[in-house]
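First the structure, in the form of structure tokens, and then the observations on it.
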Amino acid sequence: MGGTGKLKDAVEKYKLEGLTGTYASMPKPRYDDLTADHQPQAAILQAAAKLPYFKTGTKGQNMRDRAASRANAGFAINL
């Protein structure tokens, strides 16, 4: 194993590998600086909703709705 860490801690980190679920439901352990891989990226949905094309009108409403309420419901995987 190496280092001064405990085997128990290493096993707990390993258990998170490959875990899937909604982005909002993914565990966010204090020792892990990475976030789950979110497809599509929530940040991209939120940024796109602010673009002039999507910012107003009915054509942009779907994007605004998804960015506002669905970004955290997108599926994610811990890699």
Completion exercise
Partner lysines whose C-alpha sits under 18 Å from that of Lys6, ignoring same-chain residues fewer than 8 away, are Lys15
Completion exercise
Taking placed amide H atoms and a strict 5 Å upper bound, the residues 5 or more places from Gly21 or on another chain that come that close are Ala76
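Only the coordinates and a few stated rules stand behind these numbers; no lab work does. Bear in mind the structure is a predicted one, so any value in this text is a computation, not a measurement.
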